[in-house]
Amino acid sequence: MRMDKLTMKSQEAMQEAQLVAEAKGNQELQPEHLLLSLLSDNEGIPIQILQRIGIDITLLKKDVEAETDRFPKVMGATPMGQLYISARLKKVFDEAWKQAEHLSDEYVSTEHLLLGIVTEGGPASELLQRYNATEQKVLEQGDGPESGREVSGTQALCPGSHGTCRKGKARPCYRKG
């Protein structure tokens, strides 16, 4: 997992997931922590996608919380920041990267992360699918990663890739250097 290939919003989601795991006393960072993080950003693309699918975010979040409550907890003094990325979360990032590459995106957005969680196959994936958030529906409702979003830092909003604009929408453009 290369953090430099995550958008600013994706990096923020990862940081929030780490805080969630630490607050719950979990030493292993799981896809469910990341999903909780994505669900906590009320302005984020993942919530918008899930709402367009017709999902009650409050109920979903409650179910994801219940899932994370089942994770093993470390009691006593543990050094802050000593979290391990689970094999399942690594799979989410691998899937998210594949989605980004498939869609010709240079960076992994929170939408890609959501797709990675949906396709991972673990408890978070099963919960999302129970709520009718399939890979196909997420792709349909997300307008694809060409929609203008998550623009900050070295990103600038520009028309499409190399001056072309898909579906008439702007998309993030990344400057090197």
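Taken together, the values in this text are just the output of simple stated rules run on the coordinates, not laboratory data. This is a predicted model, so every value here is computed, not measured. Glycine also receives a Cβ, built like all others from the backbone with ideal geometry; neighbour counts cover every protein chain displayed.
Worth pointing out:
- A simple spin-label model places pseudo-atoms 7 Å from Cα toward Cβ; at GLN27 and HIS102 they are separated by 3.5 nm.
- Two-site label geometry, ASP4 and TYR84: point separation in nm, points 7 Å out along Cα→Cβ: 2.8 nm
- In order through region 14-19: 3J(HN,Hα) via Karplus (6.51 cos²θ - 1.76 cosθ + 1.60), integer Hz, x for Gly, Pro: 5, 4, 5, 4, 5, 5
- Which of VAL108, VAL138 has the fewest Cβ neighbours within 10 Å, and the rest in rising order: VAL138, VAL108
- Under 5 Å between amide hydrogens, built in the peptide plane, is the criterion, and for VAL108 it picks out LEU6, THR7 among residues at least 5 positions away or on other chains.
- Per-residue Karplus couplings for region 115-126, computed as 6.51 cos²θ - 1.76 cosθ + 1.60 with θ equal to phi - 60°, are listed in order as 4, x, 5, 4, 8, 5, x, x, x, 5, 4, 5 Hz, Gly and Pro entered as x.
- Residues in region 93-128 reached by a label modelled at ARG70 [backbone nitrogen below 18 Å; 7 Å Cα→Cβ]: 117-128
- When the GluC sites (Glu not before Pro) in region 1-62 are filtered for DSSP coil states and for at most 14 other beta-carbon atoms within 10 Å of their beta-carbon, the remaining sites are GLU43.
- Applying the Karplus relation 6.51 cos²θ - 1.76 cosθ + 1.60 with θ = phi - 60° to region 57-69 yields 3J(HN,Hα) values of 4, 4, 5, 4, 4, 4, 5, 5, 4, 4, 5, 5, 5 Hz, where x marks Gly and Pro.
- Restraint check, LYS24/LYS62; LYS5/LYS90; LYS9/LYS98; LYS9/LYS137; LYS24/LYS137, Cα-Cα greater than 20 Å: LYS9/LYS137; LYS24/LYS137
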